[in-house]
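Read the structure below first, then the notes.
The values are calculated or read from the model by the stated rules, or taken from the named source; none is laboratory data. All of these numbers come straight from a predicted model, not from anything done at the bench. Don't worry about glycine lacking a Cβ; one is built from the backbone with ideal geometry, like all the others, and counts go over all protein chains shown. For accessibility, only protein heavy atoms count, side chains too; no ligands or nucleic acids. Shrake-Rupley method; radii C 1.70, N 1.55, O 1.52, S 1.80 Å.
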Amino acid sequence: MKLRALVLGLALTASVAAPASAHHSFAAMYDANRPIRLVGRLTSVEWTNPHSYFHLEVRDAQGRVTTWSCEGAGPGALSRRGFSRSDISVGDTLVVDGYLAKSGGRIIDARRITLPDGRSVSGGTPGDGGPGDAAPRAPRPQA
């Protein structure tokens, strides 16, 4: 009986810890001093928690096409801002303003997304500490 309780406890701990590890603060991954604007063709969307991802093909000044990943808030947060999955389709052109990853990879934190209909929505994750984050923060403990 104790063994079964231990196994159940470990399974519950693993199921809770795995999703939490995917969530991160802005400063852990992105550079607030490296803003970027991408204009590209939407190739796929990952409408997932805790972050959504929009993948764009972007053509540079020399005509080379590169694929970029744009990390946004989770689907619930985006929906509350008036942005739903039905607002975009593969092949649409999006304008994404954000910040480059510290790693130098082709991934950005998508702070603002301009949709094909011209609407602009905040793509940032509430409470991540990134530029323009207006989410309330928990009070810090007093020493």
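Things to note:
- Considering residues of region 103-134 that are at pLDDT below 90 and of a type in the set (S, T, N, Q) only, the residue surrounded by the fewest Cβ atoms within 10 Å (Cβ to Cβ): Ser122
- Residue within region 82-93 that is closer than 17 Å to Pro35 by Cα and at pLDDT 90 or above present: no
- Residue selection: Leu100 satisfies the criterion of being part of a strand (DSSP E or B), open to solvent by less than 60 Å² (accessible area, probe 1.4 Å) and not β-branched (Val, Ile, Thr).
Yes/no matrix, rows are residues, columns are (1) in contact (Cβ under 8 Å) with a residue 60 or more places away in the chain; (2) of a type outside the set (Asp, Glu):
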site	(1), (2)
Pro35	yes, yes
Val45	no, yes
Glu57	no, no
Val65	no, yes
